[in-house]
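Values quoted throughout were computed directly from the atomic coordinates according to the rules given, and no laboratory measurement underlies them. Since the model is a prediction, treat every value here as computed from it, not as a measurement. When we count neighbours, we look across all protein chains shown, and the Cβ atoms used for this are built from the backbone with ideal geometry, even at glycine.
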Amino acid sequence: MLQQFFILCSGADSSILKTCSNGEQNKYAGIGATIFFTAIMAFIASSYALYTVFGSMYTSISFGVIWGLIIFNLDRFIVSTIKKRDHFKTEFLQAIPRIILAVIIAIVISKPLEVKIFEKEINQVLLEQKNELSLANQQQILQQYTPEIVTLEKNTAQLKNEIIIKEKETNALYNIYITEAEGTAGTNLLGKGPVYEEKREKHDASLTELQQLKQKNNQKIARIETQITTLKKEYNNNVINSQPIIDGFDGLMARINALNKLPWLPSFFIFLLFLAIETAPIIAKLIAPKGEYDWKLKEQENTIKTWITQKVNQRNQVLETDTILNHRVYSEIQEEEDVYAYKKKKAQELLKRQADAFHDMQMKQI
């Protein structure tokens, strides 16, 4: 039962194989088993690859089954269309397109499985890439807010500097009127005279201006700091909102690119393994000598070809004979006077009717 199933997978003619030896049947059962298990590997590979895309097990398995059947049908077609010829060169030229197709199938099958096999190493590469993308994303978003924040901070520093300058002026006036009262500067007269009063008034006026300036600038500084805080919140929100996109940077294409950053040798050997599996049935049929099945298949094909050739020749002979007979019949009829007179009579009647019809049409137009 299992052998018959694998023979069916090989694409061989089971009716011919039944008349062959057990060794011949086992050979094609082995080819069919290779095709079957290659389709199973294609199903697993495509299911995993599609799971990384859709994230749904049912969807991935459904498409995986379809893809496995496609690969199974292609492999079965490739092997079944390779037939043993009398010359190896002819067989090899016949197999070249099929080998190329087998290489493509091997690449398609092996790549998702490589991604799964090296999953941990790929995750490490993706983590590094995500960190780089996060830093680059933060820097890019920061560039959008930096000019405005810098301008606002400069305005804040300028307002604070105005207060500092005014405080220095007020403190200087304070020292002037104090030293005037102590008699250590100015008029050098001890006591609170008219000059002291004048300098005290200047200090008091400057102190009032300082308080007003502080109140005014502090209000401006508070508004500016509120704007800076709002901008920083917007920056943080943009960073947080864009982070899930970076965290989701682990699709199939990203993983394949990450796989290409790993050492190529292990991945290459896995590809060679699948290439060997995929091309094994083709190579086996190329290097194997003509077997009992090949001879019987060729005999059946030659029998059908001979029968068709005979049918074509028979039809050609029937056509040729019928043509000769028709030519003789019509040649004899051509010489009979009765037929000539009958056709002449009918031609005269036709010409008369055409003349009458033309005359009637002309009379209607007058």
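Excluding same-chain neighbours fewer than eight residues apart, the aspartates and glutamates reachable from Lys285 by a Cα-Cα span under 16 Å are Asp13, Glu24, Asp75, Asp86, Glu91, Asp294. Each of Trp67, Trp295 has some number of other Cβ atoms within 10 Å of its Cβ, and from fewest to most they run Trp295, Trp67.
Is the stretch 269-366 rounded, prolate or oblate when judged by the Cα gyration tensor, a ≥ b ≥ c being the square roots of its eigenvalues, rounded requiring a/c under 1.5 and prolate requiring a/b larger than b/c? It comes out oblate by the Cα gyration axes. Rounded if a/c is under 1.5, else prolate if a/b beats b/c, else oblate: with a ≥ b ≥ c from the C-alpha gyration tensor eigenvalues square-rooted, which is the stretch 133-250? Because a/c hits 1.5 or more and a/b exceeds b/c, the stretch 133-250 counts as prolate.
Angle between the Cα long axis of helix 57-80 and the longest principal axis of the chain, 0 to 90 degrees, nearest 10? Taking the Cα atoms of the chain, the angle to 57-80 is about 40 degrees. For the chain, the longest principal axis of the alpha carbon atoms and the long axis of helix 119-182 meet at an angle near 20°. To the nearest ten degrees, helix 88-117 and the longest principal axis of the Cα atoms of the chain are 30 degrees apart. For Lys343, a cut-off of 21 angstrom between C-alpha atoms picks up these lysines, skipping any fewer than 8 places away in its own chain: Lys352.
Checking the Cα-Cα distances for Lys120/Lys233; Lys154/Lys216; Lys166/Lys233 against a 26 Å cut-off, the pairs over it are Lys120/Lys233; Lys166/Lys233.
The residue list Val108, Gln25, Ile221 was ranked by how far each Cα lies along the charge dipole of the chain toward its positive end, using unit charges on Cβ atoms, and Gln25 comes out on top.
Take 90-103, 233-246, 68-81 and order them by the average number of nearby Cβ atoms within 10 Å per residue, most first; the result is 68-81, 90-103, 233-246. Shape of the stretch 291-338 from its Cα gyration tensor (a ≥ b ≥ c, root eigenvalues): rounded if a/c is under 1.5, otherwise prolate when a/b > b/c, or oblate? Prolate. Sorting 318-328, 215-225 by average packing, meaning the other beta carbons within 10 Å per residue, from highest down gives 215-225, 318-328.
A protection proxy built from the mean count of other Cβ atoms within 10 Å ranks the segments 346-353, 275-282, most packed first, as 275-282, 346-353. For the chain, the 222 nm mean residue ellipticity estimated from helices alone, with every DSSP H stretch of n ≥ 4 adding -39500 (n - 2.57) and the total spread over all residues, rounds to -32000 deg cm²/dmol. Simple rule: put +1 on each Lys or Arg Cβ and -1 on each Asp or Glu Cβ in the stretch 133-250, find the dipole, and look at Asn238, Ser206, Ile164; the Cα lying farthest toward the positive end is Ser206.
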